[in-house]
Amino acid sequence: EPPSILKSIFHDASGHDALLAAWIASNSRDDEIANKEATRELVKLVRARLGLELSEGAPLAKLRAVTLRYVLAGEFRSDLSCAPPTSLDGVPKPPKDAVSAVRDLAQRLRTGFAGTYAALADQVEEELGLRDAKLPAGALGAIDTFRFEERALLRHAGDLIASSRFDEALKLVAEREHSFWLDRDVGRKSQWEAARRMAELGISATQVRTAVLKTSGDAAAWLAAYTANDGWYLVDQAQRRLETWVANLDEEPDERPLGVVRRAYEDACQVMAEGFTKAIVKAGWTIAGALHQTRIFSEVVTARPKPVAYFLVDAMRFEMGVELAKRLPRT
């Protein structure tokens, strides 16, 4: 091969993909490419690496715009599990043997030129009218290419929660919570964390309600079921984790999924309260084997080394006590 003019221009780029990424991300070397007549070599490189036919006579700015649109649309297409929107009809589709190179180049742009990539992707998204595209959110694959994908998928997670499909929502969040857009936007990442906590509360509330409705033992059995290591108290913990998180968000999540999990929690609490009340009334308001509050000092504290420190806490829920106990040092 003849000596590469492009390599002398992009001397700080290691490899063809790094060279293409640097050219797409910035026009700072366009004058040098034109003056040294390296456009033809650039067009050949794009054809060889990406399978895209460019016109040698077109301005470098147009060649860059066409290549960028081709790369991002190609990655987006390859992630879809449905027919692509018609707005992509005007963008050539990469041949099968070039799809991997297209995806690698898009990823290189995100990792090596993150700030520039965000602006470029938003521009292409607007040009192709993708924000208004009618696509089933479940058909979106990875959500790194365009910003609208992340928002569409989070709405889909909310719809799943609102339909009480909590397991599906939790799986969706776990699979998609790490993406280019979320790693750059703490506010959006917080919204995904809220969706996770909503799904977790929905799952816990459903499980507890089912278990409670099957419980028919005495008051001691109810107490044991609530306080076990994997007991019913965990639904209270999930509720507190969600409400604490939501209270600190700059923007409250969608009301529909939030309302559904709150009602699920209230329903679980209601059946627990009714069942336990009946059991403890029947037991004469005492639970055999349970340590009574009035016996704590004589049976627990007096045998301890002195001095003794007391934590007097008003109205602490059991699950909060468990968490506090786990945080205190063993000594």
Here are A290, A315, A303: which of them is farther than 27 Å from Q207 by Cα, not in a helix (DSSP H, G or I) and not polar (S, T, N, Q)?
A303
Evaluate segment 98-121: report whether one residue or more is open to solvent by less than 60 Å² (accessible area, probe 1.4 Å), in contact (Cβ under 8 Å) with a residue 60 or more places away in the chain, in contact with a Lys or Arg (Cβ under 7 Å, 6 or more places away or on another chain) and not aliphatic (A, V, I, L, M).
yes
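Here is a list: L153, L160, L172. Which entry is at pLDDT below 95, in a helix (DSSP H, G or I) and over 26 Å from E126 (Cβ atoms)? Walk me through how you get there before you give the answer.
Numbers: L153 fails: over 26 Å from E126 (Cβ atoms); L160 fails: at pLDDT below 95.
Answer to the check: L172.
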Kindly indicate which of L249, L223, L242 is open to solvent by less than 80 Å² (accessible area, probe 1.4 Å) and either touching a strand residue (DSSP E or B) at 6+ places or on another chain (Cβ under 9 Å) or not in a helix (DSSP H, G or I) (or both).
L249
May I ask you to list pairs of residues, at least six apart or on different chains, whose Cβ atoms are under 7 Å apart, with the first in segment 267-290 being on the phi > 0 side of the Ramachandran plot and the second being not aromatic (F, W, Y)?
G289/A220
When residues of segment 3-43 are filtered for being over 20 Å from R69 (Cβ atoms), aliphatic (A, V, I, L, M), without any contact (Cβ under 8 Å) to a residue 60 or more places away in the chain and not in a loop (DSSP other than H, G, I, E, B), how many remain?
4
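Can you confirm whether segment 121-142 contains a residue that is of a type in the set (S, T, N, Q) and over 13 Å from the mean Cα position of the chain (by Cα)?
First, the residues of segment 121-142 that are of a type in the set (S, T, N, Q): 123.
The next check asks that each one be over 13 Å from the mean Cα position of the chain (by Cα); those that pass are 123.
The answer is yes, given that some residue of segment 121-142 is of a type in the set (S, T, N, Q) and over 13 Å from the mean Cα position of the chain (by Cα).
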Do you know which of the residues in segment 190-220 that are more than 30 Å from H178 (Cα to Cα), assigned to a helix (DSSP H, G or I) and touching a Gly at 6+ places or on another chain (Cβ under 7 Å) is modelled with the lowest pLDDT?
A220
Out of S87, S81, sole residue that is part of a helix (DSSP H, G or I), among the hydroxyl-bearing types (S, T, Y) and either open to solvent by less than 20 Å² (accessible area, probe 1.4 Å) or touching a residue at least 40 places away in the same chain (Cβ under 8 Å) (or both):
S87
In the set G187, G138, which member is of a type outside the set (A, V, I, L, M), within 22 Å of V260 (Cα to Cα) and not in a loop (DSSP other than H, G, I, E, B)?
G138
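The values are calculated or read from the model by the stated rules, or taken from the named source; none is laboratory data. In this text, all values refer to a predicted model and were calculated from it rather than measured experimentally. Every residue, glycine among them, receives a Cβ derived from its backbone with ideal geometry; neighbour counts consider all protein chains shown. Please note that ligands, DNA and RNA were not included when accessible areas were found on the heavy atoms of the full protein model with its side chains. Shrake-Rupley method; radii C 1.70, N 1.55, O 1.52, S 1.80 Å.
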